[in-house]
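Have a look at the structure below, then the notes.
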Amino acid sequence: MVTVTLLVTAAVTLVAAVVTFGIALARRRYDTIDTFWGLGFALVAAVAFPLGDGPQPLRLVVLALTAVWGVRLALHLHLRNHRLPEDPRYARVPPGRLRMFVRVYLFQAVVLYFVSLPVQFAMDGTGIGILGWLGVAVWAIGFAFETAGDEQLRRFKANPANRGRVLDTGLWRYTRHPNYFGDACVWWGLYLLACSTWPGAATVLSPVAMTFTLARGTGKPMLEKGMAKTRPGYAEYVERTSGFFPLPPKKVAAR
């Protein structure tokens, strides 16, 4: 059934991207794609669930973990973006609706589909097992990091006294991107749930791609480039704080 699942989810992902683009045009907000990102994964998991041949407990766990993560992220990004002007990233895309659809919406749909492969293959797994429970634990750690990191940042930004300052307390004391680290852990956890079969284990490039995107691609590097220009103390923060994996702060000699 995995072939059928892959074909159906590919079609659903494409249709969802087109519908989201239509909503974005109606809202005149191209950052609608940010909300689609989390909901798209939840949608893929929901579509793959009844098509899978794996034991129902395994499929329920995979569906629940993917949906909880995806819906929370979508709600968080929607509420955050709703209070802000259009993201400058989308303003930099060359004019034209077709270019915007292909370069942003279609591209993210393809990435979403590829990253979601462990979820799809897990639906045909043989059971949860030791690796599966380890995956649940890794997912839980990642979800806690991502959720707590986002909430700490939200509260920090909500305080006018923090304008222009750098958040370096809580989880942000140990990593400059607790939300990105948590996001990566979530997908490594879901990958471990797919490892009950060799085809599922072969989807390892999906969490690798997600981790690379967050740590080296369009996530951390792009965000830090902007932060370095707008936060006076950010260079010192970078010097003493781990860029991705949580680590104790380095002792920096006084200047």
* Can you tell me which residue among Thr126, Thr203, Thr213 is surrounded by 18 or more Cβ atoms within 10 Å (Cβ to Cβ), among the β-branched types (Val, Ile, Thr) and either in contact (Cβ under 8 Å) with a residue 40 or more places away in the chain or in a loop (DSSP other than H, G, I, E, B) (or both)? => Thr203
* Quickly run through the stretch 206-235 and pick out the residues that are over 20 Å from Leu65 (Cβ atoms) and either modelled with pLDDT of 95 or more or of a type in the set (A, V, I, L, M) (or both). => Ala215, Met222, Leu223, Met227, Ala228, Ala235
* Note down all Cβ pairs under 7 Å where the first residue falls in the stretch 31-46 and is closer than 23 Å to Leu60 by Cα and modelled with pLDDT of 95 or more, the second is hydroxyl-bearing (Ser, Thr, Tyr) and not in a helix (DSSP H, G or I), and they're at least six residues apart or on different chains. => Phe41/Ser116; Val44/Ser116
* Say whether the condition of being of a type in the set (Lys, Arg), surrounded by fewer than 21 Cβ atoms within 10 Å (Cβ to Cβ) and not in a helix (DSSP H, G or I) is met by at least one residue in the stretch 174-182. => no
* Structure fact -> Trp133: passes all of (1) over 26 Å from Pro57 (Cβ atoms); (2) more than 16 Å from the chain's Cα centre (by Cα) but (1)
* Asked: If Arg72 passes every condition in (1) over 25 Å from Gln152 (Cα atoms); (2) within 19 Å of the chain's Cα centre (by Cα) but one, which one does it miss?
  -> (1)
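The values are calculated or read from the model by the stated rules, or taken from the named source; none is laboratory data. None of these values were measured; they are calculated from a predicted model. We place every Cβ from the backbone using ideal geometry, glycine too, and count neighbours over all the protein chains shown.
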